[in-house]
């Protein structure tokens, strides 16, 4: 892999940009690999990269039914934060944030991680209690998160409306300064390039149609649209399609897949300097380097694999955005789209071994998987390589739904009394 | 916004009048307390989440307030049919080839 | 200033109706009916903007919504600034003020244009390859620079004084697009009597007839026919015409979103008129008549001001009466540019030359051009243009190489062919198919009840389009229940026909190292950028798009997508369909947030629920808090009191005398029927069968997983009637939860559920004097402790109105909850208030209520529990009926981790320093000296200053809490560590004597 740098750019500028290499190769699939990863999103490609880099396992294929990074990796609103309540969650998300910081250099690919701060708004007494509980827990877990008054919140994000006349006035905010955004496509491409350079095969347009198991139960490989590919170990990292794939191996999952929409505005000069989220009015917003306001909407209420959702969902989202930012009503929605998110009963992911020997699953990230990408890939690679979870992902088992040891971040946000 | 046929009201109404209520035909066991942990997990947490035909529950919450069942394709979001709660899971779907 | 490019006698506008406007502060004159673009062109102004990346000077490319270049800021006043407005769409009004964007210090001298010189450094995706060293510099230096350079216009910085409206509508036939095809379809459908809606994004219907001078229908000029047809449709009751209305999104089951622009074209809009209106239309049938969009030629420096789509130049001439130059060149790969050249020539404009990439163009248009003496260079290419802020020349070369010839021009028309507008069809989830012969994507497999007609369906020629559209309109109406059509269909007598053209880079696009042959103008994506992306391994068109940003600008690739795809396919040596087509996403053109938001702003963002006594509380100075949609009284400060002082006084007064509290927001459900008690047994953990009528019980409701879902006092009014209360936030979901079980799991039970939350206002009268306060007003109820003990309920009258009177307490003192029909709530409150005054009672709010209940260790579900707490955790296992064999949650409760040791349990916490009030949410540790990350063993759920206890009090959830009584633990704060002692949760009147005090 030829290194990217400002010197490389200057060199190529001199010779008409003719010398750039393919960022990743597109080999024909081999008949067998040590590890097959299903799903070439950020989590899957990250898993392959860390298998190669940290565990020396390079005989790896990442299979993708479409184009790499084309699922939720390329469809999310790129928010990064780790201010989760429970130790388990703070552990895995903060592991990711630590990897984000330095990922560009590690991959030699500018993923544009920008710690511009994530500010979560409180609109009532209950929000204050909930956010302060997070702040206290985060501090003792070594995760930065601080309380802001409404005035401090406005200073941090000038277009924010903190008028007490608002329907749900801002009464405070929790700010994680290390939170921020990154460029989603670059994450997929950066991992793909770095993994490919270490010998990983990335095979696009290759749909998995079956998971083959030996009579004794263990995984032996996958049936694909390009034929059978043998594998000693298979990792399923397929987000919304996890239930479908795991079903091929006879494992039923505690998952449901929902449409999640997002939209961007036309690009404008810098106006929103950070990420702003509000659970009470249901909206989150940031501004991309290109100038588009990036706005996340909610899920539709029904399960679906259609990658589309209803207009009324966007409607509610923009209501909320314009409630927080009344100055934006003259802005225009440029593009909207949908993804398929797989949601677990406790809204926390599953990164674990499965009842099937040689089969591993990384799923259930719901609406917030992007932020975890490096951490998830990193510990999932460990889980596959060592056939045992890393301490960080050890709590994120499948068994917790049987035993009741849930990691219920949604419940922790609780409901208004 | 989907258009949903309420089998009680016998008309199509916009999705805003309805609330989705999860997978259908997962009956609560009569002898609940005696279930094994595994069976409880299957009952309460495991979902089929199919890509294709799903049997699901809806409630016409801002209408007749009744719960009913629907058959929908999760790829196209098109409804195949709806039917009243308590009616058996249809074996043959309208429009099905075989 | 003179409109020196306005041609007398040309176009359809009335020259006498002049209008003044400014652009970048300079004054100009236009004519009513102009767009900002046509008015600028009439004044000879071509330079209107700068591109995104290289800050290249840009002019006006098009005459419609596909415009990538001519974006301006329109400022009505300081609060009514709209960025990124297409000059080609903005209608002129008198006094319009427009400003160019993305340039500094001025449009003609833009410092950012230095990027253009350094462009070899800025190849596609260059930013992924650099700005990584030193690490900290990305956020502190590079990114701010990139951000400042990016963006286009400036976001408004004041709240928008305009308002927006919304309508829902139904119709049998919805026609999207009001060109000849759309009008013909609407005519056919309308004649059957069904409801028809016809929309078009332009101010006037007519579509391409605006420029097609050669069209003749029913004996009239095409445009005149369109206006006559529209007048006819307008007179029909079953037809709604929506001009200035863009169908932007096609959703499931023929649900279409339309944005109607109502005032942006007016000089002085009525202040009461909405600026835009969102239409959400459910149609039985949809007819897509979206037309086609002309593509530009991709060659070096094809972006200079003065270079324009041929059809646009023709529209500026034939409709607006404006010549785009005096000496115009033409570069084309199809016939349509000939028609433009012919019209211009006939209007007196010199045509320097037509350069046609085709070897032997022929046909009537070519012949006519030749006959007019226009020079035609076939088999040749324009390989570059000259000029800076305006094109000055074009360089022509045989397409396979050879001698160059430079021809002076002041404008250049281009046409590479036409792209059918399949956007809405694709949004409807229909599948497009590539037509190899004509090299275009056309509607293939339909997914919804819609049909494409005319140019968007690939139907070439006006006659065929009208024929097809009329038949489709009649069929759609018939399928949707209309009568058979009877009127005659429009007869097309003359039209222009052309098709074909080319896709991708023309010879002038390189493969040169440095030429900029623009594919996507706004985002500065050139042919070589796309080749580079492919070269770097981007093989999917989605990768190419994202890596180069082709098609991602505000025009969403309307002119650039097909060229980009063709160049990628060519570079990969693949067929176009193998490379794929990027997804068409809503909206078709950008939609104002305000239009989508409509009235849902401020107070109308979310309904505000107020209790019957809200007015009284407001009049008595209450401060309110938001709890869900409710406004609840928080506290009642007297003059000079802060919240702390007011709450202390309220708490003191309640325990000394009494207090009145508005508890109306609690959810209330009536459970009635022969099986009511059986149902209650299944839904709550408690036993209910043996509860006597007239008595109450505190009920705990679980989810099936065993965690606390809700709680509340339940009164049994009669053997078959329960009055259930829920938490304020839980009212709706508890009702839903109950209905779910009743309808689907326990349908054999004979029970009815009725939400009565809003039927009853609830006044809590709490404190030692509570009975004395209510007694004079109550009739028909014996209030003695013997007749009505704690936790009982009676029906009778108060102040002459019916009441359900509960004797219950959420303070630990003697107390009542007076339920009265909501309409009487305030009157009864006022009567109780008058009585209360005699005893020194106060009104108190939710804060005092919280303090008083915490003094007694009563939990608040959602504050002291969080969805992971079991009854045992909360010290409520006494509320579980031990002999019961079933209730919701019974199995969940016994799962391994819910009965394991080490669960968090509800405890009281006393700070060693009684003056310190803990922070709610603060974490508890055993060892305060440990390093971070610390082992946290619990957290504070409720914490207050208790005036009645003379110290702070707190509740918390603590690992093995009940086994830790008396232990000293630590609450680390940022600035200090607070020592706390673990105690029971009751701080006041531990024996509970005051309930009858």
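A short reminder: the numbers here are calculations on the coordinates, not readings from a lab. For clarity, every value in this text was computed on a predicted model and none was experimentally measured. Ideal geometry is used to build each Cβ from the backbone, glycine not excepted, and the neighbour counts take in all protein chains shown.
Summary of values
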quantity	calculated
Rotationally averaged projected area of the stretch C:13-117 (alpha carbon convex hull; nm²)	6.6
Nearest-ten-degree value, helix A:125-140 long axis tilted from longest Cα axis of chain A	50
Spatial separation of Cα centroids for the stretch C:929-997 and the stretch C:816-864, in angstrom	26
Inter-centroid distance (Cα atoms) of the stretch C:775-810 relative to the stretch C:593-643, Å	31
DSSP beta bridges in chain A [antiparallel fraction, %, rounded to 5]	70
Per-residue Cβ neighbour rank within 10 angstrom, fewest leading, C:119, C:234, C:560	C:234, C:119, C:560
The stretch C:350-386-the stretch A:331-371 distance, computed between alpha-carbon centres (Å)	57
Residues residue A:5 and residue B:43, FRET efficiency given R0 of 60 Å [Cβ-Cβ distance, rounded to 0.05]	0.55
Chain A: relative contact order in percent, alpha carbon pairs under 8 Å with at least 6 residues between	22
Ratio Rg/Rh [Cα only; Rh per Kirkwood] for the protein assembly as shown	1.00
Proxy reagent accessibility, fewest Cβ within 10 Å first, across B:39, C:200	B:39, C:200
Chain C: angle of helix C:462-479 to the longest principal axis, Cα-based, in degrees nearest 10	30
Crossing angle, helix A:87-100 versus chain A [Cα axis fit, 0-90 degrees, rounded to tens]	80
Principal axis dimensions, the stretch C:634-853 - Cα atoms, whole angstrom, descending	58, 37, 30
Estimated distance in nm for a label pair at residue C:360 and residue C:392, the labels positioned 7 Å out from Cα along Cα-to-Cβ	4.0
Cβ-based exposure ranking for A:257, A:5, in which fewest neighbours within 10 Å come first	A:5, A:257
Linear extension gain, residue C:231 paired with residue C:118, 0.36 nm per residue minus alpha-carbon span	35.1 nm
Convex hull (Cα only) mean projected area of chain A, reported in nm² to one decimal	20.8
Residue A:21-residue C:500 pseudo-label distance in nm [points 7 Å out on the Cα-to-Cβ vector]	4.6
Fraction of antiparallel bridges per DSSP, the protein assembly as shown only, in percent to nearest 5	75
Fully extended contour minus Cα-Cα distance, from residue C:514 to residue C:894, at 0.36 nm per residue	129.5 nm
Amide N proximity, the stretch A:327-359 versus residue B:23 label position 7 Å along Cα-to-Cβ, cut-off under 15 Å	A:342-346
Helix-only CD estimate at 222 nm, as mean residue ellipticity for the protein assembly as shown, using -39500 (n - 2.57) per DSSP H run (n ≥ 4)	-6500 deg cm²/dmol
Near-label residues of the stretch A:59-82 by backbone N, under 19 Å of a point 7 Å along Cα→Cβ of residue C:434	A:66-68
Pairwise FRET efficiency - residue C:752 versus residue B:87, Cβ, R0 = 22 Å, nearest 0.05	0.50
Over 27 Å [Cα-Cα, the stretch C:857-996], rounded percent	25
Cα-projected label distance for residue C:574 with residue C:782, points at 7 Å along beta-carbon direction, nm	9.0
Pairwise FRET efficiency - residue A:247 versus residue A:54, Cβ, R0 = 30 Å, nearest 0.05	0.45
Counting DSSP beta bridges with both ends in the stretch C:75-226, the antiparallel % (nearest 5)	50
Highest-fluctuation residue, A:145, A:110, A:378 considered, GNM on chain A with Cα pairs under 10 Å	A:110
